[in-house]
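S.K.: Structure incoming, see below.
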Amino acid sequence: MDVWQYHERTKHRPDRYAPGPETIDWDRQPDPFRCFSGAPIVYLPLTQTQTATSEDSGFWFENLSLNDLFSVNPIGSQSVSLQSLAVLLEYSLALSAWKQYGQARWSLRCNPSSGNLHPTEAYLVLLGIEGFSDGLYHYRADLHALEWRCAFEAADDIQALDAVQGPQVFVGLSSVHWREAWKYGERALRYCYLDCGHAVAALTFAAALNGWEMQWQPWGGDQLATLLGTNRADDFVDNEREWVEGLWRINLDTPVQALEISQLVALAEQGHWQGQANTLDKRHFYDWPIIAAAAENAVFPATMQSRPGQIRREWVESVPLPGNYLDSLYRLIRLRRSAQAYDGSTAMTAEQFYTLLDHMLPRLSLAPWPALPETAAIHCVLFVHRVEGLKPGLYALPRTDSGKQLLQKELREEFLWQPVEQAPAQLPLYSLLHARAERTAANLSCQQAIAADGAFCLVMLAEFESAIKETPWRYPELFWEAGALGQILYLEAQGIGIQGTGIGCFYDDAVHSLLGLESQALQSLYHFTVGQPVVDTRLVSFPPYHTRQV
């Protein structure tokens with residue numbers, strides 16, 4: 001099944017949801033943590049225990065704010081070490097807290113996930129790093145540790161290790177589709193791709209704490225599966241394999257020649273592999289073969305080592321608006337939460353609203369955009385409910401000039417397209433329709449009140465047909481961009497004292513119909529809402545690694 005067919009088949013409709021499981025046993029969810037028994041473990045130092053009760057952390061990233069994400073090189077690049085790698089992972093993919101209600105207990109992470117299911121797994125390729133043997137490492141979020149999956153051993157016919165002149169760090173991401181599919185059925189692949197986008201953005205923000213930048217590597221999925229070991233069938237339980245999403249290089253100040261994929265693959269092929277993947281779920285009651293078929297169709301081809309002339313990066317030239325944030329960046333990352341309900345009354349200030357939207361625009365060299373294969377294929381339509389000084393109604397935020405032209409061509413002819421006069425001149429925000437739309441927003445988002453009770457609800461529209469018609473591997477990349485935008489929204493909301501939450505359940509074609517979309521030039525991929533959360537005081541919180549003994 002190609003991704004076009006998959007996308008159509010997995011649309012939710014008011015009279016029929018995408019195929020999913022008929023029953024769900026909430027008490028027997030899949031294990032949220034992947035581990036490889038038999039693989040040596042390298043425990044990473046924690047900074048959270050040192051900063052939890054102290055205003056002065058003593059670390060180099062202490063004074064960084066969320067504003068610094070929108071500045072070029074806010075701090076100098078840190079050397080690659082056990083400590084700096086620990087920071088990269090602790091403030092991107094690690095646990096942020098444990099929650100408990102009655103006898104139920106679950107973990108939260110710095111990176112959000114649909115249903116808190118966390119299908120994304122992370123691997124590090126480390127070469128020439130003091131304190132680490134060269135090889136492939138798997139990140140264990142439950143321990144904040146690295147498992148040494150493959151030891152790279154120099155052989156007579158492999159000169160790659162000899163070519164390493166300085167430290168090299170690559171981050172690989174994969175998805176365990178079953179973690180999502182056990183709950184969401186066939187639509188799970190969409191959510192895996194979104195979660196990957198959130199993880200990429202989370203990693204870029206954590207990398208900024210070290211003064212690092214992440215750069216996507218245009219290498220084929222089959223090659224990366226060999227490098228990350230996800231194609232080693234004997235190491236995994238049936239139906240619980242991992243699918244490679246992509247590989248990113250950490251750009252450091254040290255000027256070194258990065259190894260090519262062929263060299264890295266050669267090291268993996270002749271390396272010493274160790275560890276057996278744990279069983280995540282002993283009961284696989286359902287099988288969703290179209291997920292694997294669509295994922296296979298979306299694999300980036302090994303024959304394309306680059307995409308000159310195809311990569312479209314449209315940058316915004318304006319300087320980002322400064323925000324007024326309540327806490328330092330690293331604390332905001334740790335405190336980020338997904339709201340479960342909103343109070344239905346609290347409004348955002350116009351300044352907060354405009355700054356939040358401005359920070360979603362793609363700017364050269366600013367996280368997370370250099371880490372994505374392409375930029376600016378996602379544009380936003382907003383249901384504004386409660387923003388001071390702004391009439392409730394429908395608004396558009398095209399993120400590029402070409403995006404504005406496309407939206408004006410495809411959306412309803414009767415929409416106003418009036419520039420919001422009180423908005424900053426650099427913000428491409430347009431009023432489409434003045435009307436209260438809380439009920440409509442909720443109905444389109446599978447009758448979820450959270451879409452109506454916040455300050456606004458946002459629809460992410462992807463330039464769809466032009467992206468995937470001839471290049472199906474652009475399908476996951478569109479979701480990555482949407483997930484990255486979601487991660488920005490999470491931190492922006494947390495930074496001003498409110499909260500956001502992603503919405504993956506919505507009636508696709510009903511959204512399109514409301515907006516007047518008749519072709520597949522634009523498709524809705526993700527909804528997001530921001531507002532004042534209602535806190536459930538019945539929940540008890542615990543520090544993320546309070547039981548770790550090492």
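S.K.: For V72 and A425 in the same chain, what is the full-extension length gain: residue separation times 0.36 nm, less their Cα-Cα distance, in nm?
M.R.: 124.9 nm
S.K.: Within region 406-502, report the trypsin sites (Lys or Arg not before Pro) that DSSP leaves as loop and that have at most 16 other Cβ atoms within 10 Å.
M.R.: R412, R436, K469
S.K.: Can I ask one more? Which residues' amide hydrogens lie under 5 Å from the amide hydrogen of W288, considering only partners 5 or more residues apart or on another chain, with H built in the peptide plane?
M.R.: Placed amide hydrogens put nothing under 5 Å from W288.
S.K.: Residue farthest toward the positive end of the dipole of the chain, with Cβ of Lys/Arg at +1 and Asp/Glu at -1: which of L390, G221, T120?
M.R.: Going by the Cα projections, it comes out as L390.
S.K.: In nanometres, what is the gap between the two model label sites at A435 and W106, each 7 Å from Cα along Cα-to-Cβ?
M.R.: Rounded to a tenth, the inter-label distance reads 3.6 nm.
S.K.: Determine Rg/Rh for region 169-292; Rg is computed over alpha-carbon atoms and Rh is the Kirkwood hydrodynamic estimate from the same atoms.
M.R.: On the Cα set of region 169-292, Rg over Rh gives 1.00.
S.K.: Quote the charge dipole size of the chain about the Cα centre in Debye, to the nearest 20; the model charges only the Cβ of Lys and Arg (+1) and of Asp and Glu (-1).
M.R.: My answer is approximately 1280 debye.
S.K.: With unit charges on the beta carbons (Lys and Arg positive, Asp and Glu negative) and the dipole taken about the Cα centre of the chain, which residue among A341, A484, N67 sits farthest to the positive side?
M.R.: In the chain, that residue is A341.
S.K.: May I pose another question? Pull out the extension gain between V540 and S519, defined as 0.36 nm times the separation in residues minus the alpha carbon to alpha carbon distance; nm, one decimal.
M.R.: Taking 0.36 nm per residue and subtracting the Cα distance, the gain is 2.7 nm.
S.K.: Please find the FRET efficiency linking N63 to D401, where r is the Cβ-Cβ separation and R0 is fixed at 45 Å, and quote it to the nearest 0.05.
M.R.: So the FRET efficiency works out to roughly 0.80.
S.K.: Continuing with the same structure: Which whole-number percent is the relative contact order of the chain (Cα, under 8 Å, 6+ apart)?
M.R.: Across the chain, relative contact order equals 19 percent.
S.K.: Here is a further query. Multiply the residue gap between Q447 and I24 by 0.36 nm, knock off their C-alpha separation, and tell me the result in nm, one decimal place.
M.R.: So the extension gain works out to 150.2 nm.
S.K.: Say each of V256 and S318 gets a label point 7 Å from the Cα, pointing the same way as Cα to Cβ; how far apart are those two points in nm?
M.R.: 4.1
S.K.: From the P(r) of region 1-135, can you give the percent of Cα pairs sitting at distances over 24 Å?
M.R.: 55
S.K.: Points 7 angstrom from Cα along the Cβ direction at L416 and N239: gap in nanometres?
M.R.: Rounded to a tenth, the inter-label distance reads 5.3 nm.
S.K.: Can you give the FRET efficiency for K282 and A302, using 1/(1 + (r/R0)^6), R0 = 25 Å, r = Cβ-Cβ distance, to the nearest 0.05?
M.R.: 0.10
S.K.: For region 402-505, how big is Rg over Rh, using alpha carbon atoms and the Kirkwood form of Rh?
M.R.: Rg/Rh: 0.97.
S.K.: Amide H of S96 versus every other amide H placed in the peptide plane: which residues, excluding those fewer than 5 positions away on the same chain, fall under 5 Å?
M.R.: Here L108, R109, C110 satisfy the definition.
S.K.: About the Cα centre of region 411-538, what is the dipole size in debye to 20, counting +1 per Lys and Arg Cβ and -1 per Asp and Glu Cβ, all else neutral?
M.R.: Taking the Cα centre of region 411-538 as origin, the dipole is about 340 debye.
S.K.: What shape does the chain take by its C-alpha gyration tensor, where a ≥ b ≥ c are the square roots of the eigenvalues and a/c under 1.5 counts as rounded, a/b above b/c as prolate, and the rest as oblate?
M.R.: Note, shape of the chain comes out rounded.
S.K.: So how exposed is E8, as accessible area in Å² (1.4 Å probe, rounded to 10)?
M.R.: Roughly 60 Å² of E8 is accessible to a 1.4 Å probe.
S.K.: Report the one residue of Q5, S81, W98 whose Cα lies farthest in the direction of the positive end of the charge dipole of the chain (charges on C-beta: Lys and Arg +1, Asp and Glu -1; origin at the Cα centre).
M.R.: W98
S.K.: OK, next. Please give the per residue accessible area of region 402-550, computed with a probe of 1.4 Å over protein heavy atoms only, in Å².
M.R.: Per-residue value: 40 Å².
S.K.: Additional query: Could you give each residue of region 321-338 its phi-based ³J(HN,Hα) in whole Hz, using Karplus coefficients 6.51, -1.76, 1.60 with θ = phi - 60°, and x for Gly or Pro?
M.R.: Result, ordered by residue: 5, x, x, 10, 9, 7, 8, 5, 4, 5, 6, 4, 4, 5, 8, 3, 9, 8 Hz.
The values are calculated or read from the model by the stated rules, or taken from the named source; none is laboratory data. Here the structure is a predicted model, which is why all the values come from computation and not from measurement. Please note: Cβ atoms are built from the backbone with ideal geometry, for glycine as well, and neighbour counts cover all protein chains shown. All accessible areas refer to the heavy atoms of the entire protein, side chains included, with ligands and DNA or RNA removed. Shrake-Rupley method; radii C 1.70, N 1.55, O 1.52, S 1.80 Å.
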